[in-house]
Each structure stands twice: as C-alpha cells, then as structure tokens.
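Read through the structure below, which is laid out as structure tokens, and then see the notes.
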Amino acid sequence: MAMERAQRFVDALAKLEEGGELEPLVSLFSDDAQVSNAASQRMFSGREGARQFWKEYKGTLARVKSTFRNMIESADRVALEWETQGTAHNGSAVSYEGVSILEWDGDRIRRFFAYFDPGLLGREMAYGTAQRSEPPATTPA
C-alpha cells in the first residue's frame, strides 16, 4: 500500500482529536523521535516527548478536527497538507491550515514537524477571528 504510513498517522490523529485516545498516536513514534511545530519553542524528544507534544496539542483546543487535502508518501517521508478547525477553551472558533512533514524509520516516526502560522492561530484563539469556522452550536429552546 503506497499510502499506508500516511493513513496510519491520520487514523491515529483522528482517535486523539475525536476521543482523546493518545496512545495509538504515541505508539507510532520511535524511542528517539524528534517532535515539534512552528509554534513551539522546544523540540520534544523520544516517545515520552511525543506523548507530551500530543497531549498539549489536544489540550490547546476544546474541540478539534483535522481534514487532509493532500497526503504524499515517498520512501521514508510523508507530507500532509491539512486544515484544522475547532473551538478554543474561551469559545472562539479556530480554523488554521498547514503542512506536516513526517520522517519514518521503518514503521516508526523518527521526526515530525508541523508548519503553520502560529500568529494567526493565536489571534483566532484569543479573538475568535476565524473566517472559515462553523458557528458555535446552539441548544434548542
């Protein structure tokens, strides 16, 4: 299967975003993995670092859902173009997009880095300025 590793990551991320299941995603990372993104000041190392990174990711938003436009897999590299929508803990709608690069060592991820505009995400979380986000859910009267 040409896209097997890309799909394994996407499926594990969906389990985290939808149900809070952290371990399916963490189990994809190697013991010496390097994990980070454009908003982070640090590189998270190893499987424990991956666990902390993804726990913080999930904790950043009250609700989160990623969709993938493009998944490109070649040799030991995967590129994922995505859009993430959600709701910040203050109720602000969030919608941001970017690209994640995954480097694999066999069946484990040795490096993960996500590229996106952290300033845009911060403004959306603080001020609710997302243009593509769905309106907050309302309850029937």
**OP:** Would you check if E83 is surrounded by fewer than 18 Cβ atoms within 10 Å (Cβ to Cβ), acidic (D, E), modelled with pLDDT of 80 or more and closer than 18 Å to A39 by Cβ?
**Re:** yes
Subject >> Flag if V94 is under 28 Å from D32 (Cβ atoms) and crowded, with 18+ Cβ neighbours inside 10 Å >> reply: no
**OP:** Any chance you could count how many residues in the stretch 28-60 are surrounded by 15 or more Cβ atoms within 10 Å (Cβ to Cβ), of a type in the set (S, T, N, Q) and over 14 Å from the mean Cα position of the chain (by Cα)?
**Re:** 3
Original post:
For the stretch 53-88, what are the residues that are over 17 Å from L121 (Cα atoms) and small (G, A, S)?
Top reply: S74, A75, A79
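With a cut-off of at least 2 residues that are basic (K, R) and without any contact (Cβ under 8 Å) to a residue 40 or more places away in the chain, name the strands (runs of 3 or more DSSP E) lying wholly within the stretch 1-97. Even if it seems obvious, please write down each step before you answer.
Details: elements: 29-37, 61-74, 77-88.
Those strands (runs of 3 or more DSSP E) span 61-74.
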Subject >> the stretch 35-78: number of residues that are closer than 16 Å to S100 by Cα, touching an Asp or Glu at 6+ places or on another chain (Cβ under 9 Å) and of a type in the set (S, T, N, Q) >> reply: 4
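The values are calculated or read from the model by the stated rules, or taken from the named source; none is laboratory data. Remember, predicted model here, so these are calculated numbers, not experimental data. Because the Cβ atoms are built from the backbone with ideal geometry, glycine has one as well, and the counts that use them run over all protein chains shown.
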